[in-house]
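Report on the following structure.
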Amino acid sequence: MDTKKPLAQIFHFDLYGKRQDKYDFLNDNSLNTINWNELQPNEPNFFFVKKDFDETGNYEKGFKVDELFIENNTGLNTEFDELAIQDTQKDAESLLNMLKNKTEDEVIAILKLDSTKRNKVKQAILDVKNNNPRIVQIKIKPFEEKFCIYTGKSNGIMGRPRHEIMKNLLNGTNMGLISMRQYAFDVPYHCYTFLSKQIVTSRLFISNKGYCSVFPLYLYPESTAQQTLEASTSSATGSRTPNLNREIVKQIAEKLGLEFTAEKIHNSPLTINNYFAPIDILDYIYAVLHSPTYRVKYKEFLKIDFPRVPYPVRTGQDLSLQDVRQRFWQLVSLGGELRQIHLLESPVVENYITQYPIDGNNIVCKIRAGSVGTGLDLSVLRVYINDTQYFDNVPAVAWNFYIGGYQPAQKWLKDRKDRTLGFEDILHYQKIIVALSETDRLMKEIDLVGVE
C-alpha cells in the first residue's frame, strides 16, 4: 500500500425530519445543490462525520485512566445466569449444595432448565467439584448486588470470570473504578462511571459501545489456600500494592508538591499538608469524570476511548501552588462524597426524601410516574408500583437520571415486575433515590470548583 498517496475528499450532509420531507428535499436537489460539509478525516479514527476536536491540545495533556491503572480488563461474563447469579446468599448456598451432590439430569429437572443447557450444567458441576468455590456478592447493575458461586475458572459455572482482575475484589477491602472505552451519549448527566467493592459483570452499563472495564485500586497476591468469604473479608491489607503507574503518580505528586503514600494516613495533621494516597487519586478522578462541564467540553473524545483526566495544575500566573492543592483537595472531598453515596455507605442515603405511605400487597405491577396531587409541578413525582401503592415525593431529576444506559430509579422497579417488595427492598429503593438526587447536587458543586 502506498501510504504517500493523498486521502480522498470526503463530504458529509445531515438531513433530519419526517420521511416525506426527506423525499421532497431529494426531489428538489442534486449532488451539486446540496450544501456539503467537507470533512478532514485524520488518523487513527478517520471519522465520516464532523467532529469538534478543538480541545485536543488541552485534553491530551491529561493522563488516560487505562494507563494510570496498570491492571485492568472488562468485567466478567457469566454466560449462564440461571446458575451464575442468585438473588440471595441462601439461594447461592442451596445451588452450590445441589451442584456438589446431584447429577446433571437431576439439576436440570430441579431448576426446570432446557435440556440444551446440559453441557453448561456439566461444566458447572465439574467446576465446583474440582476447584474451591466460594459464595460472593456480585454487582450486576448500579446500586444492585446479588450473589454468585465463584471459582475463578473459565468455562465452568461462569464463562469468563476475569480472575486476574476479579481476584482483587473478592475480600471487600478494595474497590474498582468502572468505566467505558467508548461513551454512547452526549448529554452531560448521562454518566458512564461507577464504583464497586464486589466483582463486576461486563454489562453493568447497558451500552451499544461494548463492555465496561474494571480498574482495581489495589492488587492483592494470589491466595492458594481455600478461603471462606468471612476469612477473605477479614484478611489484612498490608500485602496489597497500589495498581497505579508510578510515573503518572510521580507527575501528580510533583504538580501538587505532595508526597505519595501507598496507604491513607488517618488522624494525622500532616495528611493534607504533605501526603496523598491512592484513594485520593481515585476520588479526584471520580469527581472529574462527574463534571458536566468536563463531559460537554470533551464529549467527542469520550466517545472514542477511555477518558483522560487533567493533572492538577496551575492554569494562571495568579494561581499559587497552595491554590492548586486547595482545588485538588476540594475535588477529592466531593469525589469521596460521591464514592460513599454510590456505594450506599454514606449516612446521607438514609436521610430519606421520599415516602411509601399506603399499605397493600407491595406487588410491583404497572409502574407509572406523575405529578404529586393535582398540580402541574413535575419536578417532584409520585411513582406508582401498582394501582394503589406508590413512592411519594420522588425528585424528577432522580427518576430520570442515567448511569450508563440505565435509569436506575426506573430500571430497579422494572426488574421487579410481578414480585413483592419486602421491607428492605422499600428502604433500598429510597436510598437509591437519595443517592441519585445527591449525585445531581454534587455534580453541580464539582463544576463550581472547576475542572480543567
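The values are calculated or read from the model by the stated rules, or taken from the named source; none is laboratory data. Here the structure is a predicted model, which means the values were calculated and not measured. All Cβ positions, glycine included, derive from the backbone under ideal geometry; neighbour counts span all protein chains shown. All accessible areas refer to the heavy atoms of the entire protein, side chains included, with ligands and DNA or RNA removed. Shrake-Rupley method; radii C 1.70, N 1.55, O 1.52, S 1.80 Å.
Values as computed for the structure displayed
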item	result
So Val348, is it touching a residue at least 40 places away in the same chain (Cβ under 8 Å), in a strand (DSSP E or B) and surrounded by 14 or more Cβ atoms within 10 Å (Cβ to Cβ)	no
Test for Ser179: is it in contact with a strand residue (DSSP E or B) (Cβ under 6 Å, 6 or more places away or on another chain), hydroxyl-bearing (Ser, Thr, Tyr) and at pLDDT 95 or above	no
Considering residues of the range 78-114 that are among the polar types (S, T, N, Q) and over 24 Å from the mean Cα position of the chain (by Cα) only, the residue farthest from Leu421 (Cα to Cα)	Thr103
Odd one out for Phe11, checked against (1) at pLDDT below 85; (2) surrounded by 14 or more Cβ atoms within 10 Å (Cβ to Cβ)	(2)
Within the range 382-412, considering residues that are closer than 25 Å to Met443 by Cα and aliphatic (A, V, I, L, M), the one most open to solvent (accessible area, probe 1.4 Å)	Val397
Hits in the range 136-157 - residues which are more than 21 Å from the chain's Cα centre (by Cα), of a type outside the set (Val, Ile, Thr) and in a loop (DSSP other than H, G, I, E, B)	Gly152, Lys153, Ser154, Asn155, Gly156
Flag for Arg339 being without any contact (Cβ under 8 Å) to a residue 12 or more places away in the chain, in a helix (DSSP H, G or I) and basic (Lys, Arg)	no
Test for Lys112: is it at positive phi, free of Cβ contacts under 8 Å to residues at least 24 places away in the same chain, out of contact with any strand residue (DSSP E or B) (no Cβ under 7 Å at 6 or more places or on another chain) and among the charged types (D, E, K, R)	yes
Wholly within the range 246-314, helices (runs of 4 or more DSSP H) carrying at least 3 residues that are touching a strand residue (DSSP E or B) at 6+ places or on another chain (Cβ under 6 Å), at pLDDT 85 or above and more than 23 Å from Asp440 (Cβ to Cβ)	246-256
Hey, Phe25 surrounded by 10 or more Cβ atoms within 10 Å (Cβ to Cβ), part of a strand (DSSP E or B) and at pLDDT below 80 or not	no
Residue match in the range 165-179 (condition: crowded, with 23+ Cβ neighbours inside 10 Å, touching a residue at least 12 places away in the same chain (Cβ under 8 Å) and assigned to a loop (DSSP other than H, G, I, E, B))	yes
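So that you can scan it fast, the table gives a plain yes or no per residue for (1) over 30 Å from Val451 (Cβ atoms); (2) part of a loop (DSSP other than H, G, I, E, B); (3) touching a strand residue (DSSP E or B) at 6+ places or on another chain (Cβ under 9 Å); (4) modelled with pLDDT of 80 or more:
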site: Asp2; (1), (2), (3), (4): yes, yes, no, no
site: Pro6; (1), (2), (3), (4): yes, yes, no, no
site: Tyr16; (1), (2), (3), (4): yes, yes, no, no
site: Asn35; (1), (2), (3), (4): yes, yes, no, no
site: Glu43; (1), (2), (3), (4): no, yes, no, no
site: Phe53; (1), (2), (3), (4): no, yes, no, no
site: Lys61; (1), (2), (3), (4): no, yes, yes, yes
site: Asp66; (1), (2), (3), (4): no, no, yes, yes
